[in-house]
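The values are calculated or read from the model by the stated rules, or taken from the named source; none is laboratory data. All of these numbers come straight from a predicted model, not from anything done at the bench. Here Cβ is always computed from backbone atoms with ideal geometry, including for glycine, and neighbour counts include all displayed protein chains. These accessible areas exclude ligands, DNA and RNA; they are computed on the full protein's heavy atoms, side chains included. Shrake-Rupley method; radii C 1.70, N 1.55, O 1.52, S 1.80 Å.
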Amino acid sequence: MNVLVIGCGAIGTAITRALQYNEKIKKIYLVDNKPEYIQALSEKFPKAKKADFPDVLSDVKLVIECASQKAVEQYVPVVLEHGVDVLILSIGALADDEFRERIFGIAENKGARIYIPSGAIAGVDAISAVKGAGIYEITLETRKPPSAFEDSVLAEKGLSKDSIVEPVVLFEGFAREAVKKFPKNINVAATLSLAGMGFDKTRVRIIVDPKISTNIHHIFVKGDFGEMVLETRNKPFPHNPKTSYLAALSAISAVKKIIDAVWIGV
Ligand SMILES: NC(=O)c1ccc[n+]([C@@H]2O[C@H](COP(=O)([O-])OP(=O)(O)OC[C@H]3O[C@@H](n4cnc5c(N)ncnc54)[C@H](O)[C@@H]3O)[C@@H](O)[C@H]2O)c1
């Protein structure tokens, strides 16, 4: 099977490495708006090479988007129009109802699939399972060290990375607003919203905490089924502290599920 990876940053590199050593993968095509990133990966991994988009779509079975919300808007509709399946990491892009419904519609009409991995959290399978049985509350508390936030986001609260000595709540509200205010940080809120109660009912609290070195996502779910408490304490990527290692591992595992005959934890 041949795949196209859009985005050769922290997650794209981890995925390309995993695909290089997967014997079912023959070719890995790469897209990035920074040619030096493509070159670095194709020099390191023999199966990987630069793609010509959209021509490449006739030679791939799966596209993996791990670039940005903008890249989702730019590439995903074209991928689906060609009937090719796509795994999306920049889930925040799907908070735009019109865009989401448009691409879901294209996928339906073209017989293509959109895969949304669990990313940096655990329990998306369980939340999807209880969705039909009635959920009353989903609350996400995301707690990250200062290095995980853009300077501009901290500046809005009158903060800088060095000035924070105690945990500070940066945001409290619903997922719809959170994904707009923290597009580089809050894919988890978008994934939860899609799996559970939607963007207008999923509660989100974002905290910058100078006393931690991991990205912590604490999720509380209450419904007819009972209650769920889910927590991940993720190590960030050293060269991109906004991204958790688990997000890359989740995407790699999703690709394996798509390729392999046996699927554990559907
Ligand atoms: N679903 C989740 O739980 C989850 C978790 C972490 C990160 N993410 C998302 O995954 C994506 C990748 O994360 P990362 O840490 O690897 O980011 P990164 O910044 O390390 O790498 C992104 C790469 O994509 C490229 N890129 C960005 N926009 C592009 C475009 N329009 N066209 C072509 N190339 C483009 C950049 O040049 C860069 O090389 C981000 O959008 C991030 O928010 C999702």
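A few notes on this one:
- As a calculated quantity, the FRET efficiency between K222 and W263 at R0 = 25 Å, using C-beta atoms, amounts to about 0.30.
- The length gained by stretching the chain between I212 and K181 to full extension, at 0.36 nm per residue less their Cα-Cα distance, is 8.9 nm.
- The modelled label-to-label distance between K61 and E137, using points 7 Å beyond Cα along the C-beta direction, is 4.5 nm.
- Stretching the chain fully between E73 and A40 yields a gain of 9.3 nm (0.36 nm per residue, less the alpha carbon separation).
- In nm, spacing of pseudo-spin labels at K256 and R17 (7 Å Cα→C-beta vector): 1.5
- In the complete set of protein chains, residue-level accessible area for H218 is approximately 70 Å², probe 1.4 angstrom.
- To the nearest 10, the accessible area of K24 is 90 Å² with a 1.4 Å probe.
- Low-density loop positions, trypsin sites (Lys or Arg not before Pro), segment 58-161 - DSSP coil, at most 16 other Cβ in 10 Å: K61, R113, K157, K161
- Sum of -39500 (n - 2.57) over DSSP H runs of 4+, divided by residues of the chain (222 nm, nearest 500): -10000 deg cm²/dmol
- Within segment 44-67: backbone nitrogen closer than 18 Å to the N2 label point (7 Å, Cα to C-beta): 45-65
- For segment 27-75, the Kirkwood hydrodynamic radius from C-alpha pairs, put into Stokes-Einstein at 25 °C and a viscosity of 0.890 mPa s, yields a diffusion coefficient of 214 µm² per second.
- Taking the DSSP beta bridges with both ends in the chain, the antiparallel portion is around 50 percent.
- Size descriptors for segment 106-164, from the alpha-carbon set: Rg then Dmax equal 18.4, 52 Å.
- Here, the chain is characterised by an Rg to Rh ratio of 0.97, where Rg is the alpha-carbon radius of gyration and Rh the Kirkwood radius.
- Cα centroid separation, segment 91-145 to segment 197-266 (Å): 12
- Set of lysines near K34 by C-alpha distance (under 20 Å), chain-local residues within fewer than 8 positions excluded: K44, K47, K49, K50, K70, K184, K242
- The chain - percent of accessible surface contributed by carbon and sulfur, probe 1.4 Å: 51
- Angle in degrees between helix 69-81 and the longest Cα principal axis of the chain, rounded to the nearest 10: 40
- Average projection area in nm² (convex hull over Cα atoms of segment 124-234, one quarter of hull surface): 6.5
- Loop-located GluC sites (Glu not before Pro) across segment 1-61 with a Cβ neighbour count of 10 or fewer within 10 Å are E23, with loop assigned by DSSP.
- Linear extension gain, F99 paired with K49, 0.36 nm per residue minus alpha-carbon span: 15.0 nm
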